[in-house]
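Have a look at the structure below before the remarks.
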Amino acid sequence: MAEETKNQEVQESNSEVSNHAAPSAQQENPEQFLKDFNWHNYEEGIDPVDDTKLEEFEKLVAENFVDTLDDEVTTGRVINITDRDAIIDINAKSEGVISLNEFRYNPDLKVGDEVEVLIDVREDATGQLILSHRKARVIMAWDRVNKAHDEALIVNGFVKCRTKGGMIVDVFGIEAFLPGSQIDVKPIRDYDAYVGKTMEFKVVKINHEFKNVVVSHKALIEADIEEQKKEIIGQLEKGQVLEGTVKNITSYGVFVDLGGVDGLCTLQIFLGLELTIQTK
């Protein structure tokens, strides 16, 4: 019995010597070992991952997430609105937030709306993705303003405040100038009545050197009046009897408003007639 125990101890001892004697891959070829060693995983404490799985993961990320540059405008969708912020999904790894102050021009903003955004801060102190709608609008605004000017399009603008000689209007996020003479066809006495209103405008001038935009509401009114004049003139016929309003009396005749078109009645028409004219 004692002899068997002794033989077992000798075998175990020989096994331990054999194990210690077996050289590892590091000992056999240390240069190759260092070359193949994954230092990133070692430093980050990451378990080794099969390259095939890594490729599958990278492909999944590429297909489902947008790699947006900081200076690139992208379209996001409003997924929630809080008391202070709008939560925007831009198909990135996390949702971004935008202060509602940037949507003051659009009080009807709602969940599901698509908005143009620009990445302002990738991660703030809390790790939150901060987006900017205002900066995105400014980048895109000049293209829209140029198109509106070239194609004579009607644009909506928000009258922000009064300024010397007119008003400041927010058009696509750009501060445009509305001269006082371009507000209406009639002289304006109370400019403050227009502050805070959203109105339609026509872009009448762009100074690219100084980044100035001039808009007009009067131009739209004049265009409507011109259309009305064409329509009225097209319906007039010789010998037709019409009723009009006297607008002005001069030494050579009377000007009558026929509902958008001014007509002149010369004094010769009234010769030999006793005429009483009432002006309005």
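The values are calculated or read from the model by the stated rules, or taken from the named source; none is laboratory data. In this text, all values refer to a predicted model and were calculated from it rather than measured experimentally. Reconstructed Cβ throughout: ideal geometry from the backbone, glycine too, with neighbour counts over all protein chains shown.
Summary of values
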{"item": "Checklist (1) surrounded by fewer than 12 Cβ atoms within 10 Å (Cβ to Cβ); (2) farther than 30 Å from LYS147 by Cα applied to LYS211, failing item", "result": "(2)"}
{"item": "Conditions (1) in a strand (DSSP E or B); (2) at pLDDT below 90: number failed by GLN268", "result": "(1)"}
{"item": "Test: residue in region 98-105 that is touching a residue at least 40 places away in the same chain (Cβ under 8 Å), farther than 22 Å from LYS197 by Cα and in a loop (DSSP other than H, G, I, E, B)", "result": "no"}
{"item": "Residue satisfying condition, being assigned by TED's automatic domain parsing to the domain that holds SER94, in a strand (DSSP E or B) and of a type outside the set (S, T, N, Q), within set VAL214, VAL111, VAL115, VAL204", "result": "VAL115"}
